[in-house]
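In what follows, a single structure is set out as structure tokens and then discussed.
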Amino acid sequence: MALVTYALRASFLLLPAGFETPPLLRRALRYVPAAVLTAIWAPELLLQNQVLHLSIENERMLAGAVAIAVAWRWKLTSITIAAGLAALHLFDWLT
């Protein structure tokens, strides 16, 4: 299994210089960063004790919604982090 994993990861580095990746693969690879980041943060916001928790009492989900809105509006990482943390502390204090 380790050899297969290494081969897959090294394949992009060890390909000949003139080798072009197929357009379909290039289009698909554009979505990998967004998919990976979503797979990291979505369970943290939406699950509590391994159970989907979609309610107004879920302060992590509410803070995440604030952070998503701020990121969409201003597109600044530091402002997004600050707004998300402030919202998390505010919602935690209110509940």
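Quick check on region 23-44. Is at least one of its residues part of a helix (DSSP H, G or I) and in contact with a helix residue (DSSP H, G or I) (Cβ under 8 Å, 6 or more places away or on another chain)?
Yes, some residue in region 23-44 is part of a helix (DSSP H, G or I) and in contact with a helix residue (DSSP H, G or I) (Cβ under 8 Å, 6 or more places away or on another chain).
Just one of (1) surrounded by 10 or more Cβ atoms within 10 Å (Cβ to Cβ); (2) hydrophobic (A, V, I, L, M, F, W, C); (3) outside any helix (DSSP H, G or I) trips up Ile56, so point out which.
Ile56 satisfies all of (1) surrounded by 10 or more Cβ atoms within 10 Å (Cβ to Cβ); (2) hydrophobic (A, V, I, L, M, F, W, C); (3) outside any helix (DSSP H, G or I) except (1).
Among the residues of region 41-54, how many are under 16 Å from Gly84 (Cα atoms) and either of a type in the set (A, V, I, L, M) or in contact with a Ser or Thr (Cβ under 7 Å, 6 or more places away or on another chain) (or both)?
Selection size over region 41-54: 3.
Keeping to region 71-94, report how many residues are of a type in the set (Ser, Thr, Tyr) and exposed (fewer than 10 other Cβ atoms within 10 Å of the Cβ).
Count: 2.
Exactly one of (1) closer than 22 Å to Ala34 by Cβ; (2) free of Cβ contacts under 8 Å to residues at least 12 places away in the same chain; (3) surrounded by fewer than 14 Cβ atoms within 10 Å (Cβ to Cβ) is unmet by Ile68. Its number?
Only one criterion in (1) closer than 22 Å to Ala34 by Cβ; (2) free of Cβ contacts under 8 Å to residues at least 12 places away in the same chain; (3) surrounded by fewer than 14 Cβ atoms within 10 Å (Cβ to Cβ) is unmet by Ile68, namely (3).
Check Leu8, Leu47, Leu24, Leu13 and return the single one that is surrounded by 10 or more Cβ atoms within 10 Å (Cβ to Cβ) and of a type outside the set (S, T, N, Q).
Leu47
A short reminder: the numbers here are calculations on the coordinates, not readings from a lab. Small disclaimer: the values here were computed from a predicted structure and weren't measured. Cβ sites come from the backbone with ideal geometry, for glycine too, and all protein chains shown count toward neighbours.
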